[in-house]
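What follows draws every value from the coordinates through simple rules; no lab data is involved. Note that the structure is a prediction, hence the values are computed from the model and not measured. We place every Cβ from the backbone using ideal geometry, glycine too, and count neighbours over all the protein chains shown.
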Amino acid sequence: MKAFSITDIGEKRRINQDYVFCEVNAIGNLPNLFIVADGMGGHNAGDYASRFCVEFITENIRNSDIESPIALIEEAIKDTNKQLYEKSKQQIDYEGMGTTLVVATIYDNDMYVANIGDSRLYVIGKEIRQITEDHSLVQAMVKTGELDRDEAKAHPNKNIITRALGTNETAQPDFFEVELAEDDIVLMCSDGLTNMLNDETIEQIIKENADDPKIAAETLVKQANENGGKDNITVIIVKV
């Protein structure tokens, strides 16, 4: 397994509210751990939320006795949400803060994924597959038939998310179990990438650099910035 992570402030923002964790070696009872978080909130609240979320989850997992990967990740998310929510109520500077979250761990050919918000996980094999589902206003409108996917991409409210970590007393992540094939490539990213590049371009760049996750990730970030870089951009690429 080879992996590389990168986070970039982009071309328009003054602060990077994304945070990333990428470790191919064991973290507690997990054989590896990959996390992308995209914070939200005024001033430094989004920056604090994403960093706190990633650091608290990794520490929780490191110290947990739970062996089931889904149960372990679920407990870590629950504890992190509670702590983040309490901090948002205690300090006025952190009021309303929250963060998206996508977490993955890989056991041989099986990958376990949790997500909340609109940061994404894809698997690129013969084709590109989006595993996670955005918790966003426009995605809800797509599901009800009010918008098609092309309309959703250009919708003025596409950045409004319907679920996040730290904004409510309880978190509602989705969980996925994915069977991986040999040479599959996993992409995890914040919406700063997917709002600037379509899936076809992402797939092409990754396949052109399939043997080198570092070059693939750096090329994705560079292209997103060249296309406008309107948000922070975070990418993890794992070659199985």
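Tabulated values for the structure
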read-out: Nearest-0.05 FRET efficiency for ASN109 and LYS82, computed from C-beta distance (R0 25 Å); value: 0.15
read-out: Cβ crowding within 10 Å averaged over residues, with 87-93, 35-41 ranked highest first; value: 35-41, 87-93
read-out: Region 206-240-region 5-27 distance, computed between alpha-carbon centres (Å); value: 12
read-out: 5 angstrom amide H check on LEU180, placed H, neighbours 5+ away; value: ASP110, MET111
read-out: Of LYS126/LYS207; LYS78/LYS214; LYS143/LYS239; LYS2/LYS126, those spanning more than 21 Å from alpha-carbon to alpha-carbon; value: LYS78/LYS214; LYS143/LYS239
read-out: Peptides ranked, highest mean first, by Cβ atoms within 10 Å: ranges 127-137, 58-68; value: 127-137, 58-68
read-out: Karplus (6.51, -1.76, 1.60) ³J(HN,Hα), θ = phi - 60°, over region 97-108, in Hz, Gly and Pro reported as x; value: 6, x, 7, 6, 7, 9, 10, 9, 9, 10, 10, 6
read-out: Phi to ³J(HN,Hα) by Karplus 6.51 cos²θ - 1.76 cosθ + 1.60 over region 26-35, Hz, x for Gly, Pro; value: 5, 10, x, 8, 9, x, 6, 7, 9, 9
read-out: Under the Karplus curve 6.51 cos²θ - 1.76 cosθ + 1.60, θ = phi - 60°, whole-Hz ³J(HN,Hα) for region 196-207, x wherever Gly or Pro sits; value: 9, 10, 7, 4, 5, 5, 4, 4, 4, 5, 5, 5
read-out: Structure-based [θ]222 nm, the chain - -39500 (n - 2.57) summed over DSSP H runs of at least 4, per residue, nearest 500; value: -10500 deg cm²/dmol
read-out: Set of aspartates and glutamates near LYS89 by C-alpha distance (under 13 Å), chain-local residues within fewer than 8 positions excluded; value: GLU169
read-out: ASN198 paired with SER68, simple spin-label distance in nm, labels 7 Å along Cα-to-beta-carbon; value: 4.2
read-out: Region 82-121: relative contact order in percent, alpha carbon pairs under 8 Å with at least 6 residues between; value: 30
read-out: Percentage relative contact order, region 2-239, counting C-alpha pairs under 8 Å, at least six apart; value: 26
